[in-house]
Amino acid sequence: MSRFKALLDKGIVFLDGATGTELSKRGMPTGVSPELWVRDNPESIQSVQRDYYSAGSDIVYSCTFGGNRIKLSQYTQETDDTPQINSDLAQISKSISDEKLVFGDMAPTGKFIEPFGSLTFDEAVEVYREQAQGLRDGGVDGLVIETMMDIQEVRAALLGARLAAGELPVVVTMTFDSDGYTLNGTHIRSALSIVQSMGAAAFGCNCSTGPAEMLELIRLISNDARIPLMAKPNAGLPKLVNGETTFTMEPDEFASFGKDFIEAGVHIIGGCCGTTPVHIQRLKEELTAVTPVKRPRPQSLILGTAKEGVSTSPKEPMLVVDSSDTGRFVQCTPEELIKSMKAYVIHDSKIPLISYESSLYKVTERALRLYPGRGVILTSEKDYSEIRDIAIRYGSVVLFKAAVSHPLSSEHDTVVITDSKIDSGNANEEGHTLFSAYSLERSSSSDMEDSELLYSIASFYQKPAPIIVGTPNKKILAFIAAYNALTGRDHKLSLLMKTLHEDNRIGQSGTESKSESNNPVYDAVLHGNDTGIEAAIRSALDIGLDPKQIVDDQLIPAINQVGELYEKKEYFLPQLIMSADAMRKGFTVLEPHLAAKSEVQKKDGTIVIATVKGDIHDIGKNIVTLMLRNYNFEVIDLGKDVDDETIINKALEVNADIIALSALMTTTMTGMKQVVESAKARNCKAKIIIGGAVVDQNYSDEIGADGYSPDAMEAVKLAKRLVANEK
Amino acid sequence: MTKNDFKLLCAKKTVIFDGSTGVELISRGMTFSRSLETALLKDPDKLIQLQREYCSAGSDIIITPTLGANRIKMAEHGFTDSTEDLNYELTKLSLSAVNDKTLIFGDISSTGRFVEPFGDLEFEDAVDTYKEQVRGLIRGGVEGFLIETIIDLQEARAALLAVTESCDLPVIICLSFDKDGTTINGNSAESVAVTLQSLGADAIGCNCSTGPAEMLPVIKRIRAVTSLPLMVKPNAGLPALRDGKTYFPMGVDEFISFTHLFHDAGVSLIGGCCGTNPDFIAALSEQCKGLVPISKTGNPDSLTASHRRVWRFCGEQFTLIGERINPTGKKEFQKQLRDGNLSMIQTFAAEQENLGASLLDVNMGLSGIDEQEMMVKSVSLLSKVSPLPLCIDSTRPEVIEKALRIYPGRALVNSISGEKSRIEETLPIAAKYGAMLIILPLDDNGIPKTFEERVTIINTIIKEAAGYGYTTADMVIDGLVMTISSDQQAAQTTLRLISWCKKQGINSVCGLSNVSFGLPQRDIVNSAFLALAARNGLTSAIANPSSEQLRGIINAINSEGCLV
């Protein structure tokens, strides 16, 4: 058992904090290569690391952050000394480590790898292999690849590390913005899946943000990680003081995040820029009695790509693997292959699905190596042994064409096409690595009727993380979208709406899609982006827009546009609700500003709304309330099962312009009539409008109401009309 | 005799009835100018003699000589006095003939007219006619009733209600079936059994029309759909003509050679009809000594019935309840209903039947019409024009009451919820007519969001309904799916509830179209939900069968078979 593993088994593992700033304190001049300076002044780093060890660090990093050949070349001509420099630096730390551990630090080269830059992937692998070789020779206990933002460079470093030091544990930490993406646009969840499938011993984040923001990043991957999670945050967000970037979070505050990190699943923790031995000491004290949480076994399959990653899990849509394009790499030249991979990386984020045949070992190996994510190999049990090694090396997903006769080892994610009629209990018996898939091709070959196929697919939804392989037609895709939505796998129904909507347009003359503006506030409402509207409004205020103007020129026109799209059946209820939510959030942000300028918007009218006596149905009423409020009405919602006296009392009390009544049953709709009569009897002038599944315009006329509306949008229009007539 | 005493009796021994009365008396020289019933009052000796002979032959139950003693039938003979008194007198006659060990059951039979919706006799007139007869029989001291020789299910229902609304005595009903197991009115053996069992009959069977050989397959069909005690009272073979006179050719030995076959088929009550006499009964009685009836075991079925066929929930086929006979959202239909025009109902019924509906939902909730009147009209019309059983869909107890009362079959009531009014008003009505129930998991606090709350409500309703004799086999639980466009958990909560129903062995139903409210291409979403729900154990759905998508999924469900 490696010493690293033994440490993990003991409990939370503590890393060191910042090194550079500590070295400056010990006399390192600015502008030098820390690696070369430390090599000449070993006692400096040893002093820093002794402090970290005594503060409680279990592992310190060797001073080799910039120790790769490309970085070193900025300071020295003698880059061939790279292995020796790394070896020396490793020994310097190792010599004072006693029972503690030293990890050899590797970080970005500063160059982009093709297709974005000139460095070839193979060159990058060699650069890291060389550095890892030196670190290993210097006696490190493991390797850390840190502060990475290019997933392709991470892959190169992992491959290089494995070539040079296959026996050492390699951990990876990357830097992400608070939105979860690296600067290069790789999402943390995708990165996790690539890194863990390639055999890293731990994964996490370092640098880039303070603990609060990093905590949220870690939470994005808590449920998907099969390897220990790491966090090495900065001491808060950077501030400019006298033209210099400084980190100001005090040790106590820094340490106060410790427990949250552990709860989020972090097992290995330390500090990055701005942290000191005191930060680490306080962190350790904070976590004295705390042990790492045992996380449930992940049920997700993530096909990591350079971008979002495609995934499936019990909470996510069923993964549809389109196999119509397999064999794309068959018999192509290396040049063509590299061109193809470029297309994959630059133009779309789809996963290469390679149908493996014996003669294609080389091209398969090459494609999987160059693809900056996890490729998928479609193979048979017979051919599996030939590609087993490359599948493991590149963390590929192996997709078996048919059920396998014996359980596979858990060395990589394996998807097995099973018979959907097999009990779903088989699906995950090999723990986290065995997923079952349903093949459309096989079904259609047996002349399965469309509906029977669709019904078969439904059975597949009882499995933890279903995958469909084949060439689905539009109808199958529509059903899959519906299955996803109905089983809670489609958050906010966005995929369903997209699928059904696109499908809708087939055969229709190309109507222009919704007009877009370049206005983020308008767009946020239009697209129902309730998380983005706050920022959009704040920046609008920051550039000096008048709050009233934001309401009149952006919020209102946007919600009107939403209403129009709804009427055109381009938008449906979910979008309506999402936009209404965004609108409401927008108002919440604006309200203090409007108040400050004593420009609180005058409401268009006051409406008292209720479901009538005896009737307990209120979903429709609630939707109408929501819409009326978003269209600037003061709405007093009296709830359900409300008698006429209460309604009229309230209407008189607030001098309501309108009373809106709902009923869903023929037995209760008579309650509406009573309200109309009471209103008359008590001289209540409010207009009365009605709605609900069983009432209609006729009924409205019959009981002497002032209007009827079939849905929420119409109710808004009706209310506006009635109020306008009044004035 | 209480209903329970009767049940125990039927379980303990094969109960022997008497044989022919009218035909036998005539063959013994009884003559009469108007009706046999009035003649017997004047000349009771032959009857008393005959009934004594039946007692000696071993009859456990003797029936009163009141077969035609109802007001309508008697009026044909010019009898205009009280039939209550007539029945009273005739009961007294029989009582005077028999010993203490023999029970007297009041005999009731056809008025000779067809009852609405099949004929012109109003249902309530039929009930009243029978009630008058029943009063006399009760006053005379009968221990129970035999309603027999009836060919119209609706008339049987009227007679049965006349008894159950007048007393708590046990009632046996025997209809006369042709060889093919249907009555002349077209009522199938299964429909008759399911309908009358649910309406409160204590035993069911067949009499007259055919001999034992022809009756055997019919009784087996009845056994397949009911666990009630079964009765046969066959003629002595099929009638033949000799010298211009009808006679029954079967001898005693041949007649009783069927006894064991009837016993094996589950019969517990046996007697003879036309052409039999005390010799037959003596032989029968001898043969049945110590013969303990075979009771039906296993779980009860979930059956609805029209007067022509039954529909089994959770059978080989998925149950599709056609939703179209409902004015909500149908402008043209609304207009027609307001004009009192029912033609679209007929169209909807035929269309839905052709497209594979198993039941028809009927909802007449519309402002500006008299829901009760229109419901009764619709149910009557549909009973005639469609072979599909009906699902009576109304929120108003009085509407459900009228519909169930007139409906010549076993309907499904849509619905009973945990709301106080439904439990206190609708449930007892449904129970009186023995309708199947759709159970809606909501109560006066509204529709619960969580699965657990819904199960709590369902269990409460099951308990309440059990108080009326309902078992879960009589219930179909509504998964109550709400639209996913406002709550994305909605479908999953329902799917979970459906799985729960499956585990409990209770049928489930869903109004599919709710799930897609507010969404585009609702057809696809509805059908996808159906597929998922069926995978979770859904056994029926309320939907529009005209969706090709939906029918495709239902075909797929059926081709996989085995819903349970």
- Ordered by number, the trypsin sites (Lys or Arg not before Pro) in segment B:12-117 that occupy a DSSP loop and have at most 13 other Cβ atoms within 10 Å are B:Arg28, B:Arg34, B:Lys101
- Message: Report the Cα-based extents of chain A along its three principal axes, largest first, to the nearest Å.
- Response: 98, 71, 47
- Message: Is there a quick way to get the dipole size of segment A:3-286? I mean about its Cα centre, with the Cβ of Lys and Arg at +1 and of Asp and Glu at -1; what is the value in debye to the nearest 20?
- Response: 340 debye
- Item | Cα centroid of segment B:394-416 to Cα centroid of segment B:59-128, whole Å | 29 Å
- Query: Picking from B:Leu9, B:Leu241, B:Leu216, whose Cα lies most toward the positive end of the charge dipole for chain B (charges on Cβ: Lys, Arg +1; Asp, Glu -1)?
  - Reply: B:Leu216
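Counting helices only, and only those DSSP H runs with n ≥ 4, report the 222 nm mean residue ellipticity of the protein assembly as shown as the sum of -39,500 (n - 2.57) divided by its residues, in deg cm²/dmol to the nearest 500.
One gets -13000 deg cm²/dmol as the mean residue ellipticity at 222 nm.
Is there a simple number for the mean count of other chain Cβ atoms within 10 Å of the Cβ of residues in B:483-490, and what is it?
Per residue, the average neighbour count from other chains is 6.
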- Query: So for the pair B:Glu332, B:Met1, with labels modelled 7 Å out along Cα→Cβ, what separation do we get in nm?
  - Reply: 5.8 nm
- Message: Quick check on segment B:303-560: take the gyration tensor over C-alpha atoms, sort the square-rooted eigenvalues as a ≥ b ≥ c, and tell me if it's rounded (a/c under 1.5), prolate or oblate.
- Response: rounded
- Return one number: the angle in degrees, 0 to 90 and rounded to the nearest 10, between the long axis of the Cα atoms of helix B:189-198 and the longest principal axis of the Cα atoms of chain B. 80 degrees
- Item | segment A:5-82 shape via C-alpha gyration tensor axes, a/c threshold 1.5 | oblate
- For chain B, find the longest principal axis of its Cα atoms and tell me its angle to the long axis of helix B:3-12, 0 to 90°, nearest 10. 70 degrees
- Net charge near A:Phe112, counting Lys/Arg +1 and Asp/Glu -1 over other residues with Cβ under 9 Å of its Cβ? -2
- Isotropic mean projected area of the C-alpha convex hull, the protein assembly as shown (nm²): 63.5 nm²
- A:Ser118 versus B:Arg242: modelled label distance in nm, points set 7 Å from Cα along the beta carbon direction: 12.3 nm
- Message: Just to confirm my numbers, what's the Cα centroid distance between segment A:279-301 and segment A:202-243 in Å?
- Response: 14 Å
- Task: Could you grab the relative contact order for chain A? Cα pairs under 8 Å, six or more apart, rounded to a whole percent.
- Result: 7 percent
- Among A:Asp490, B:Asp474, B:Asp18, which comes first, then next, by fewest other beta-carbon atoms within 10 Å? A:Asp490, B:Asp474, B:Asp18
- Per-residue mean of C-beta atoms belonging to partner chains within 10 Å, peptide A:483-492: 5
- If a/c stays under 1.5 just call it rounded; otherwise compare a/b with b/c (prolate if a/b is bigger, oblate if not). Do that for segment A:3-286, with a ≥ b ≥ c from the square roots of the Cα gyration tensor eigenvalues. rounded
- Report the GluC sites (Glu not before Pro) located in segment B:293-341 that are in a DSSP loop and have at most 12 other Cβ atoms inside 10 Å of their Cβ, or state none. B:Glu316
- Just counting partner chain Cβ atoms within 10 Å, what average do the residues of peptide B:548-555 show around their Cβ? 4
- Ascending count of other beta-carbon atoms within 10 Å, so fewest first, for B:Thr304, B:Thr149: B:Thr149, B:Thr304
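Read-outs: derived from the displayed coordinates by stated rules, not from any lab. Note that the structure is a prediction, hence the values are computed from the model and not measured. No Cβ is skipped: glycine too gets one built from the backbone with ideal geometry, and neighbour counts run over all protein chains shown.
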